[in-house]
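Have a look at the structure below before the remarks.
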Amino acid sequence: MDGTIMSGATTAQDRPGTLPFDNSYARLPDAFFTAVDPTPVAAPRLIAFNRSLAEELGLDPERLERHAADWFSGNRLPPGALPLAMAYAGHQFGQFVPQLGDGRAILIGEVIDRDGQRRDIQLKGAGPTPYSRRGDGRAALGPVLREYILSEAMHALRIPSTRALAAVATGQPVYRERTLPGAVFTRVASSHIRVGTFQFFAARGDRENLRVLADHAIARHYPEAAGHERPYLALLDAVAARQAALIARWLGVGFIHGVMNTDNMTISGETIDFGPCAFMDRYDPRTVYSSIDHGGRYAYGNQPMIGQWNVARLAEALLPLIDPVEDKAVDLANASVARYMDLFQLRWKETIHAKTGLSEAGEDESDQQLIRDLLMLLLDGSADFTLAFRRLCDAAEDPAADAAFAELLQQPEAARPWLDAWRARLGRERATPAERAAAMRRVNPAFIARNHKVEEALRAAADHDDFSLFHALNDVLARPYDDAPGFSAYAEPPKPGEEITATFCGT
Ligand code: AMP
Ligand code: MG
């Protein structure tokens with residue numbers, strides 16, 4: 001193994017007032033990135049700053065906040081920053097693009113957080129880079145706030161995700177279909193290494209750097225793979241397992257990523273790139289929000305299969321490292337790709353069982369049928385996914401709450417046979433109804449980032465410079481599993497006329 005990550009790094013605790021960078025990616029060979037400075041902006045203004053994340057990173061929030069407008073707009077760089085744009089490739093909607101790269105994102109460095117974990121700090125929308133192609137390197141305020149809300153909402157739902165450290169308005173316009181206010185988003189990730197980063201070197205036949213990247217990814221994310229007799233196969237297995245778990249969790253909260261291109265799939269297993277993503281309101285596996293996803297490739301119910309497709313692209317890229325004999329490498333990689341789907345099934349079963357209150361393993365086939373019937377009931381009844389499961393928690397405690405669940409269906413009476421079958425099955429569980437309901441409330445959120453609430457907050461911010469709805473929404477979404485009396489408007493599905501049917505890329 002290469003020693004691509006140096007040990008003995010200073011931690012944030014050693015130098016609390018600064019950003020104690022330890023930039024391991026910048027120590028990789030030249031082919032991995034291009035050094036590039038952020039382009040200064042006219043009038044940086046701090047819109048949002050995530051103090052609790054700053055603390056998690058072991059940084060001093062007061063000091064950081066004082067510098068935030070400058071540092072997180074890219075107007076000045078914190079001491080020790082080594083700004084760079086990462087090179088990567090990727091399959092976009094199934095088409096391979098050998099050269100993508102950070103066209104508007106600049107990694108300023110890495111810090112070691114409170115738990116000893118290495119975290120990237122990246123400015124998104126900080127100006128053009130050599131990978132910008134025809135883009136301007138900038139981001140509009142709306143999409144920046146959207147990524148802020150959505151990524152923090154995912155984290156609060158206990159789903160692995162990149163995080164939001166800051167949003168800074170630039171005081172400069174960006175030109176899209178219309179002129180919009182510009183902003184820079186500060187993203188924190190356990191790394192920005194993607195499936196597409198591996199594809200970048202594989203497509204060039206650059207086996208040497210492919211190996212350096214794989215060693216770096218192992219050292220950083222899967223150190224246990226290093227001791228495996230086939231470390232690169234172990235890496236593939238580990239990534240596949242994280243992705244299977246991640247996508248099962250997405251489905252559990254009705255999340256639709258929207259652009260599951262291989263350049264938007266991390267090796268760490270964190271959700272990344274909140275462009276046209278959305279939480280589904282009414283349950284329907286065919287749901288698509290992205291205005292650019294015409295074929296429904298990335299529809300809610302396709303995500304597990306697309307996850308496997310992406311893992312297969314990683315497997316292809318890793319083939320030469322897996323075994324020198326190609327046929328042998330292909331067999332091993334195929335088995336790993338197949339294991340992804342088995343693991344997904346397992347993780348999904350855990351997720352949906354917990355959501356439905358089935359903690360004890362029952363007769364497997366009848367439990368599966370019970371869950372299929374529930375989802376069919378929700379689909380046929382056009383029921384709101386989040387609210388249906390949340391009300392099921394109440395019904396698990398007290399049958400008097402059955403009616404509130406049933407009335408979410410277009411034909412409430414259709415719920416009766418299912419509720420009876422479910423209650424009979426719950427009778428075989430050991431937990432008391434109150435315990436069962438409490439456990440269900442810990443996995444069935446009351447609050448998701450509802451599209452109409454997100455849009456309302458973004459409109460107030462971008463059109464009227466009013467950030468009160470943005471902050472209120474973040475506050476509600478920070479505790480998604482707690483009932484919050486007084487905030488019921490945030491728990492409700494959109495009323496007719498409020499529904500958002502399409503979301504747009506951040507570009
Ligand atoms: P995304 O759809 O955000 O995953 O981005 C796909 C590719 O387009 C990446 O290489 C981005 O860096 C690049 N890109 C997106 N928006 C811009 C922009 N405004 N300027 C330059 N490059 C961009
Ligand atoms: Mg991307």
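The values are calculated or read from the model by the stated rules, or taken from the named source; none is laboratory data. Remember, predicted model here, so these are calculated numbers, not experimental data. With ideal geometry, Cβ positions are generated from the backbone for all residues, glycine too; neighbour counts draw on all protein chains shown. Heavy atoms of the whole protein, side chains included, go into the accessibility calculation; ligands, DNA and RNA do not. Shrake-Rupley method; radii C 1.70, N 1.55, O 1.52, S 1.80 Å.
The listed peptides 418-427, 122-131, ordered by packing as a protection proxy, come out as 122-131, 418-427 (highest mean of other Cβ atoms within 10 Å first). Per-residue 3J(HN,Hα) values for region 241-256, derived from phi via the Karplus relation 6.51 cos²θ - 1.76 cosθ + 1.60 with θ = phi - 60°, read 5, 5, 5, 4, 5, 4, 5, 4, 5, 4, 4, x, 10, x, 7, 10 Hz in sequence order (x marks Gly and Pro).
What the Cβ-Cβ distance of SER359 and ALA42 gives, at R0 = 45 Å and to the nearest 0.05, is a FRET efficiency of 0.20. Descending by average beta-carbon neighbour count within 10 Å, the peptides 172-181, 142-151, 351-360 line up as 142-151, 351-360, 172-181, the highest first.
Mean residue ellipticity at 222 nm, helices only, the chain: -13500 deg cm²/dmol; runs of at least 4 DSSP H residues each add -39,500 (n - 2.57), and the sum is divided by the number of residues. Please compute the Kirkwood hydrodynamic radius of region 196-354 from all pairs of different C-alpha atoms, in Å with one decimal. Computed over region 196-354, the radius equals 16.2 Å.
The modelled label-to-label distance for the pair ASP483/GLN345, using points 7 Å beyond Cα in the direction of Cβ, is 3.8 nm. Between the helical axis of 141-156 and the longest alpha-carbon principal axis of the chain there is an angle of about 60 degrees.
Straightening the chain between ARG76 and ALA431 buys 122.1 nm, computed as 0.36 nm per residue apart minus the Cα-Cα spacing. A 1.4 Å probe run over region 12-192, with the rest of the protein chains in place, finds 36 Å² accessible per residue. Across region 190-289, counting alpha-carbon atoms alone, Rg and Dmax equal 15.4, 49 Å. Label-to-label distance for ALA403 and ALA438 is 2.8 nm, based on points extended 7 Å past Cα in the beta-carbon direction.
The residues of region 196-354 expose on average 35 square angstrom of accessible surface per residue, using a 1.4 Å probe on protein heavy atoms.
Between the beta carbons of GLU498 and ALA31, assuming R0 = 56 Å, the FRET efficiency works out to 0.70 to the nearest 0.05.
In a simple Cβ point-charge model (Lys, Arg +1; Asp, Glu -1; nothing else charged), the chain has a dipole of about 800 debye relative to its Cα centre. Each Lys or Arg adds one and each Asp or Glu subtracts one; over the other residues with Cβ under 10 Å from the Cβ of TYR175, this totals +1.
Could you calculate the contour length gain from ASP284 to ASP465, that is, 0.36 nm times the residue separation minus the distance between their Cα atoms, to one decimal place in nm?
Result: 61.6 nm gained on full extension.
Among all lysine pairs in the chain that are eight or more places apart or on different chains, how many have alpha carbons less than 26 angstrom apart? Value for the chain: 4. Packing, as the average of other Cβ atoms within 10 Å across residues, places the peptides 97-110, 215-228, 400-413 in the order 97-110, 215-228, 400-413, highest first. For region 12-192, the Cβ-based charge dipole about the Cα centre amounts to some 520 debye (Lys, Arg positive; Asp, Glu negative; other atoms uncharged). Length gain on complete extension for the stretch ARG204 to ARG158, per 0.36 nm per residue less the alpha carbon to alpha carbon distance? Extra length from ARG204 to ARG158 when fully extended: 12.8 nm. For region 12-192, just say rounded, prolate or oblate: build the C-alpha gyration tensor, square-root its eigenvalues into a ≥ b ≥ c, call rounded for a/c under 1.5, and beyond that prolate if a/b exceeds b/c, oblate if not. Rounded is the answer for region 12-192, as its axis ratio a/c remains below 1.5. Classify the chain from the C-alpha gyration tensor, please: rounded if a/c falls under 1.5, else prolate or oblate depending on whether a/b exceeds b/c. Oblate.
The ellipsoid that matches the Cα gyration tensor of region 417-507 has semi-axes, each √(5λ) in whole angstrom, of 35, 16, 11, with the longest given first.
Accessible surface of the chain, 1.4 Å probe: 52 percent of it comes from carbon and sulfur atoms.
Farthest toward the dipole's positive end in region 196-354, which of ILE218, LEU346, SER291, given Cβ charges of +1 (Lys, Arg) and -1 (Asp, Glu) about the Cα centre? It is SER291.
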